[in-house]
Structures are given as C-alpha cells and as structure tokens.
Amino acid sequence: QVQLVESGGGLVQPGGSLRLSCAASGSIFRIANMGWYRQAPGKQREFVARISSGGTTKYADSVKGRFTISRDNGMNTVYLQMNSLKPEDTAVYYCNIDVGIYTYWGQGTQVTVSS
C-alpha cells in the first residue's frame, strides 16, 4: 500500500509564496513521474506540474515562471515552490505519483490566495 502525505498549504496574500511537500511511503520500489494537480471550486482538476525520475519538468502555461517542481528521490518526496501567487491560484492542490502501472493520489491541501 502506498500513502501520500501533503503539507504546506495555507492562506497567503497575492504576490506571496508557499512551498508544498508530498511524501510517499509504503510499498514503493521505484517512482517514475511525480506531479501536482489542482482543483478550484466548481472547476475540473487541472494539471500544474510534473517531474520525471530523471528530473525533466513540465508545467502548465498558467504557472510557468512562477512555480518550480522538484523531488528528493532518497526521501520519495516531491515539492512545489509557488511564487508570485495570484488569487486564481486558489485551489486544493493534489500530488500524484506513478509507480509501475499504478497512479496514487494525495488527499489534497488547500491553498488560498487572498488579501
């Protein structure tokens, strides 16, 4: 069984920063891609960023230049550094990982950007 535990969400003013973390534990042999998605109220879940096991990254256009995804393979942890936050970044953020043919999701962490 694989578990993902997210942390780092909260309330921040526009222009501020937050760093999300997602730690994976359990029966993990090798994690391929690790990523972040988000879901705002009344909207579908959308892709934010992804990082491969080799460190190749991909970002949604809406966060390019503001968000940075990274990972610590030894700790089975993925991070999302979010800078220059905007009110439209408000959402529940979910991490996910690919292990073999399976994809696992975290429980989500709320990020609210408001003055």
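The values are calculated or read from the model by the stated rules, or taken from the named source; none is laboratory data. Predicted, not measured: the structure shown is a model, and the values here were computed from it. All Cβ positions, glycine included, derive from the backbone under ideal geometry; neighbour counts span all protein chains shown. Areas reflect the complete protein model, heavy atoms only, side chains present, ligands, DNA and RNA absent. Shrake-Rupley method; radii C 1.70, N 1.55, O 1.52, S 1.80 Å.
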- Query: With the dipole of the chain worked out from charges on the C-beta (+1 for Lys and Arg, -1 for Asp and Glu) around the Cα centre, which of Ser70, Ser21, Tyr59 lies farthest toward the positive end?
  - Reply: Tyr59
- Note on the structure: In the chain the accessible area split gives carbon plus sulfur, as whole percent at 1.4 Å, a share of 47 percent
- Item | Probe 1.4 Å, accessible area per residue of the chain, Å² | 54 Å²
- Using only the alpha carbons, work out the radius of gyration and Dmax of segment 1-88 in angstrom. 13.4, 40
- Length gained if Gln1 through Ala40 is fully extended, taking 0.36 nm per residue and subtracting the Cα-Cα distance, is 11.2 nm
- Using alpha-carbon positions, the gyration tensor of segment 33-74 gives root eigenvalues a ≥ b ≥ c; with a/c under 1.5 called rounded, otherwise prolate if a/b exceeds b/c, else oblate, the class is prolate
